[in-house]
Amino acid sequence: MRTLFSASLFSLTALTVGLLTATSAQAQTVQISGAGATFPAPLLQRWFDAYNRTVDPTVQVSYQSVGSGAGLEQVINGAVDFGVSEAPFSGARLESFRAKYGYEPLQLPLGGGAIEFAYNLPDIKDGELILKRETYCGIVTGEITRWDDNRIKADNPDIANRLPPLDITWVHRSDGSGTTFVFTNHLKAVCPNWTAGAGTSVEWPVGIGAQGNEGVAATIKQEPGAIGYVNQSYAKLENMATARLENKAGNIVEFSTEAATSALDAPIPDDFALLVPDPEGPNDYPIVGLFWVMLYREYPDQEKLTKLVETLKWTQGPEGQAITRELDYIPMPEAAIQRIFAELDAITVNPNAVR
Amino acid sequence: MTSAATGYGSPPNPDIDVDIEKKASPSRAVDVGFVRLTLALAGFAGIILIWVILQTTEAALPAIQQFGLGFLVTARWNPVENIYGVLPQIYGSLMTSLVALIFAIPLGIGTAIFLTEGFAPKWVTAPIGFAIELIVAIPSVVLGLWGIFVLIPAVRPIFRAINQTLGWIPFFGGPAPRGPSLLIVAMVLGIMISPIIISITRSTFESLPRSLKEGALALGATRWETILTVMIPAGLSGIVSSIMLALGRALGETMVAAMLSGNANRINISLMQPGSTITALIASQFGEAGRLQVSALMYAGVVLMVLTLLVNIVAEIIIRKFQNLEQ
């Protein structure tokens, strides 16, 4: 009885000590919170998880993928430590940020993505369909309504007799999305008849709207004759048939990480708000865009700032970029990374920083 | 009594009075407390409702000032140029809900009659009743997925046939129907709201006095005549209120509409073409909306609240009318 008692007392003490150590370890943990775009969310979550497990277990970054717009609002409200967006700060939001903090937001690109046309045509396999610029412009504006239209046949002499006598069902995003922002920026630059402009959500002249990349993918799969735009990483994940596109130089290109990386290798302006609506290189993939992390230029807490900067630098280092490639996102070019690091080092600590 | 007590020479014991009050007070305090608690709870519910309405309207103010009542008749939703109107969504919300009722009312009332009028033994009706209650437990996102992967491919040939033969009716017109459409939304909504009609109608029939039915049968009415001419008119107020509840549910349903309507923010009379509803618009656009767009979405929310309020008022009027008829 006595041994039992002492044994339980011992285990109780051990438990208490264990709890105490656990508590003190927790006290050292730095919690960093971010919010924003859904498209880069899988990459961000992999990055932050890998960083926590392999590099620095005391850093816990939580990222809520609530959408670019909602993320920017949270940055303006001071509710998060960083935001992520697929569209640069602009308009009323930029003015609100300036008015509240008295400086320009720090927006740094962390990577990019490409957008592909995915289709559901019974007899036509992945990569067989070629879309020239006038043709896909005609599809999105509703001028071309049939798959056996002569303009599509002219683009595809090899498979002209296999193009089915089906109506074209255009599938677009119904939710506001950075994917739509990048895609419509491209349309605006390329299509003379595109009047809906560019934005995270636009007034589509034709088509069916579906929620998220997964909704677009499901709708395309359910509809013979459907075509829509999805993020490249998603098209690969869902094994969707995608089209080869004509780029600005007039060449027909298929998506590859190299073609997309070279498309994004353009001179980056001082505010990093690089949009490449229509890349010029001869082998560039035509529809690409960046995503940015939105930061303050002053943080109240030295330790949190240090950890945040270390984490962000790691994402651009060799391990971080390996994950970027693995998940089919586009890593930033080396020259841009040096400038990003310089901007990160310039963030200051101010205990009275506005939040 | 007190004077008599003083007459005995001993001073009146002031504790006695107090004691009586003390004994009475605990149960009385509970009583009063309970009344106040229920009052507070009822008030709380009302305050939350008013608070939500005020906050939504306040957030909608910039859009209300900019677009005014033109918002209700404009058929454009253009976040790039900040031009907003919800006519297609109002049409979509009303039409999907009304058509859902066309599916749900016969289904609901028929099932309720079958379950209560002794057409089948208990071992048949009990599992059916249980299954109906389970429909309510299906999450709407699951019904949405079922709509995309099962219902749409199943009804597509039927829709195409209707479109080809009856295409001259505007509601079935347009190009050959593809996947998502307002009619698909209405069908799934009909399935979703029928349990409401069934359960309320069923309890209405069960609560009708037996003498009504027995009297009708005694007068020589057949079972069919009894149901049509006695049971349904007698239970009409219950049936109508169940229908109105179901209509309110259909107007507010979001996930099914967002997944199956096609989210086309264009006006299209045909129910076989993609459309949109107010709830689907708000749900799909909120996350990435710009400042004025958020305000316009809030305005759309206010419009939906007013629509629902109107439906409830109409329901109340109809129910009162029928109650008068019964008396």
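Some notes on this structure:
- Straight-distance crosslink candidates among lysines, where the alpha carbon sits under 24 Å from B:K213 and sequence neighbours closer than 8 are dropped: B:K122, B:K321
- Placed amide H near A:V61: partners under 5 Å, 5+ positions off or other chain: A:I32
- Set of lysines near A:K132 by C-alpha distance (under 19 Å), chain-local residues within fewer than 8 positions excluded: A:K153, A:K188, A:K248
- Among A:W147, A:G281, A:M332 the positive-end extreme of the charge dipole of chain A (Cβ point charges): A:M332
- Annotation: B:V52 carries an accessible surface of approximately 70 Å², with a 1.4 Å probe and no ligand, DNA or RNA atoms counted.
- With all pairs of separate Cα atoms included, segment B:191-274 yields a Kirkwood hydrodynamic radius of 15.5 Å.
- Kirkwood-based Rg to Rh ratio, chain A, C-alpha trace: 1.09
- Degrees between helix A:91-101 axis and first principal axis of chain A (Cα, 0 to 90, nearest 10): 20 degrees
- Among B:186-195, B:252-261, the order from most to least packed when residues are scored by Cβ within 10 Å on average: B:252-261, B:186-195
- Chain B: angle of helix B:152-166 to the longest principal axis, Cα-based, in degrees nearest 10: 60 degrees
- Listed values for segment A:262-277 are Karplus-derived 3J(HN,Hα) couplings in whole Hz (6.51 cos²θ - 1.76 cosθ + 1.60, θ = phi - 60°), namely 5, 5, 8, 7, 10, x, 8, x, 4, 8, 6, 7, 7, 10, 10, x, and x replaces Gly and Pro.
- For chain A, the mean residue ellipticity at 222 nm estimated from helices alone is -12500 deg cm²/dmol, where every DSSP H run of n ≥ 4 contributes -39500 (n - 2.57) and the total is divided by all residues, rounded to the nearest 500.
- For chain B, the equivalent ellipsoid derived from the alpha-carbon gyration tensor has semi-axes of 50, 34, 17 Å in decreasing order.
- Ligands, DNA and RNA aside, A:S33 has an accessible area near 30 Å² when probed at 1.4 Å.
- Chain A: angle of helix A:178-190 to the longest principal axis, Cα-based, in degrees nearest 10: 30 degrees
- Counting only other chain Cβ atoms within 10 Å of each residue's Cβ, the peptide B:255-268 averages 4.
- Projected label distance in nm at A:Q31 and A:K221, using a 7 Å step from Cα toward the beta-carbon: 3.7 nm
- Computed on segment B:178-319, the Cα convex hull volume stands at 132 Å³ per residue.
- Here the relative contact order of chain B, from alpha carbon pairs under 8 Å that lie six or more residues apart, stands at 26 percent.
- When Rg and Dmax are taken over the Cα atoms of segment A:217-316, they come to 18.3, 56 Å.
- The relative contact order of chain A comes to 22 percent, based on Cα pairs under 8 Å that sit 6 or more residues apart.
- Nonlocal amide H pairs with A:V84, under 5 Å, H built at 1.01 Å: A:A35, A:G36, A:A37, A:M294
- Computed over the alpha-carbon pairs of the protein assembly as shown, the distance histogram in 20 Å steps reads 15, 38, 29, 14, 4, 1, 0 percent, short to long.
- Burial ranking of peptide ranges A:326-337, B:135-146, A:81-92 (average Cβ count within 10 Å, highest at the top): A:81-92, A:326-337, B:135-146
- Number of partner chain Cβ atoms within 10 Å, mean per residue of A:68-80: 2
- Peptide B:78-85 has a mean of 4 when you count, residue by residue, the C-beta atoms of other protein chains within 10 Å of its C-beta.
The values are calculated or read from the model by the stated rules, or taken from the named source; none is laboratory data. Given the structure is predicted, the values throughout are model-derived calculations rather than measurements. Cβ atoms come from the backbone with ideal geometry, glycine included; neighbour counts cover every protein chain shown. Each accessible area value is taken on the protein alone, full model and side chains, heavy atoms only, with ligands, DNA and RNA left out. Shrake-Rupley method; radii C 1.70, N 1.55, O 1.52, S 1.80 Å.
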